[in-house]
Number of protein chains: 2
Amino acid sequence: MRNAEATKEKILEAAMAEFSAYGIAGARVDRIAKMAKCNKNMIYIYFENKEQLFSTVLEMHLTRVYEEFAFTPEDLPGYAARVFDFMMANPDLMRLMTWFTLEQKTEQLDQRKEAHNRKIAELAKAQEAGHIGTDFSPAFLLTSIMVLATAWMPTNPFGPSIDPASSGKTDELREAIMRAVGRLAGEPASTENR
Amino acid sequence: MRNAEATKEKILEAAMAEFSAYGIAGARVDRIAKMAKCNKNMIYIYFENKEQLFSTVLEMHLTRVYEEFAFTPEDLPGYAARVFDFMMANPDLMRLMTWFTLEQKTEQLDQRKEAHNRKIAELAKAQEAGHIGTDFSPAFLLTSIMVLATAWMPTNPFGPSIDPASSGKTDELREAIMRAVGRLAGEPASTENR
DNA sequence: GTTTACTAACTAACTGGTTAGTTCATAATA
DNA sequence: TATTATGAACTAACCAGTTAGTTAGTAAAC
């Protein structure tokens with residue numbers, strides 16, 4: 001069966017599994033080839049080298065996320081809940097991003113930075129419009145939300161690895177995260193600050 | 001100059017730098033030996049093998065943290081601030097912990113789990129005593145605090161790597177983190193929930 | 001106090017398995 | 001037949017771990 005596209009697809013899938021499990025340095029090209037049931041050479045023909053393959057895999061998955069994922073500045077608890085659900089369903093992506101950050105490959109961050117800046121701008125607008133509180137800067141809010149929404153991923157040293165009791169309590173976690181985000185981004189008018 | 005203790009010390013120091021930079025898989029024993037200005041064989045004499053060396057380095061640093069670091073359940077914003085300051089001053093340790101979590105070496109977590117459970121128990125007591133709010137479970141609170149306090153470390157994919165503007169604003173960050181933790185752990189009596 | 005015997009600290013060179021990347025012959029397809 | 005996909009075998013470099021031997025310190029024997 002000759003099918004270049006299908007082979008590429010299988011390689012990308014296997015590479016995702018391998019890289020998310022072992023990182024760039026720990027990943028083995030032979031293992032990827034074996035898992036994809038293709039010859040190692042195909043990997044070098046289709047994807048230059050190991051690093052290029054990693055970049056392709058990461059970029060592919062991130063693009064998918066940015067296309068599918070709506071940011072809703074007026075409903076930040078809901079956004080946090082969706083990030084939480086998505087990441088719980090795709091722990092591999094979170095691992096990939098963490099490996100990437102640790103191995104400090106500075107290239108290819110433009111896409112993410114742009115998306116980040118766009119969100120910050122939207123948050124600022126939402127603050128001006130009074131939809132969300134102004135106690136925290138947009139940048140602080142965004143990072144806080146992302147960090148809370150992904151705190152119970154297996155990549156977090158302070159997450160489930162240290163607190164195994166949390167696994168399985170998905171619904172309680174999502175609910176608590178939403179409340180926490182609400183506390184940070186909540187309308188300041190309705191409470192008595194100062 | 002012959003000095004076993006000094007040599008061990010130099011190896012541990014070099015290993016810390018190497019492992020935090022490259023992780024276990026990416027670290028090179030030759031590089032550690034060169035950095036420590038000792039012969040590679042000394043590493044194998046003093047520390048069995050590469051993994052053992054990693055474990056020793058991590059354990060050493062964590063023990064130091066657990067001994068020096070007071071947990072203050074009645075002043076959680078202050079605790080968060082101290083975690084923040086400590087981690088900002090020791091980014092290598094955060095990297096080491098993240099590598100460790102990603103490479104899922106399950107051994108040797110007992111020390112950390114114990115410390116974690118002790119903190120959770122203290123938080124529960126503080127809640128009973130009415131020192132802190134009861135809207136979030138102790139486990140949720142603790143993970144949230146740690147995650148917020150370490151969100152602007154270079155290891156976080158949603159931190160400074162994506163938001164370079166945050167670097168340098170240490171004081172603003174610390175202050176915002178303290179306020180955020182206050183929001184999550186604040187006394188519920190003074191606000192009108194429900 | 002100086003020679004001898006012993007040991008801990010250290011070194012350089014090596015080994016064998018692993019791994020990223022290549023080559024080339026063959027099979028399928030158009 | 002020309003082109004493209006594929007896979008087995010190969011290569012060169014790398015790297016964790018080892019070995020065999022050297023040097024420096026120390027203490028007892030004379």
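The values are calculated or read from the model by the stated rules, or taken from the named source; none is laboratory data. These figures come from a predicted structure and were not determined experimentally. Glycine gets a Cβ as well: all are built from the backbone with ideal geometry, and neighbour counts include every protein chain shown. Each accessible area value is taken on the protein alone, full model and side chains, heavy atoms only, with ligands, DNA and RNA left out. Shrake-Rupley method; radii C 1.70, N 1.55, O 1.52, S 1.80 Å.
Side notes on the structure shown:
- Options A:Lys125, A:Lys119, A:Lys105; residue that is of a type in the set (Lys, Arg), open to solvent by 60 Å² or more (accessible area, probe 1.4 Å) and more than 8 Å from chain B (Cβ to nearest Cβ): A:Lys125
- Residue identified as open to solvent by 10 Å² or more (accessible area, probe 1.4 Å), in contact with a His (Cβ under 9 Å, 6 or more places away or on another chain) and more than 16 Å from DNA strand D (Cβ to nearest atom) among B:Pro91, B:Pro73: B:Pro73
- When A:Phe54, A:Phe47 are checked against the criterion of being within 11 Å of DNA strand C (Cβ to nearest atom) and farther than 19 Å from A:Asp92 by Cα, A:Phe47 stands alone in meeting it.
- Listed by position, the helices (runs of 4 or more DSSP H) contained in the range A:1-110 that have at least 2 residues being out of contact with any strand residue (DSSP E or B) (no Cβ under 7 Å at 6 or more places or on another chain) and not assigned by TED's automatic domain parsing to the domain that holds A:Lys125 are A:4-26, A:29-35, A:40-46, A:50-68.
- The single residue among A:Ser137, A:Ser144 that is hydroxyl-bearing (Ser, Thr, Tyr) and buried (at least 20 other Cβ atoms within 10 Å of the Cβ) turns out to be A:Ser144.
- Criterion violated by B:Lys50 - all others in (1) within 16 Å of DNA strand D (Cβ to nearest atom); (2) exposed (fewer than 14 other Cβ atoms within 10 Å of the Cβ); (3) of a type in the set (D, E, K, R); (4) at negative phi satisfied: (2)
- Candidates A:Met94, A:Met42, A:Met60 - the one that is closer than 24 Å to A:Pro160 by Cβ and either away from DNA strand C (no atom under 16 Å from the Cβ) or away from chain B (no Cβ under 14 Å) (or both): A:Met94
- Checked against the criterion of being of a type in the set (A, V, I, L, M) and modelled with pLDDT of 95 or more, the candidates B:Met88, B:Met35, B:Met42 yield just one match: B:Met88.
- Residue in the range B:21-29 that is open to solvent by 10 Å² or more (accessible area, probe 1.4 Å), away from DNA strand C (no atom under 16 Å from the Cβ) and either touching a Cys at 6+ places or on another chain (Cβ under 7 Å) or more than 30 Å from B:Gly182 (Cα to Cα) (or both) present: yes
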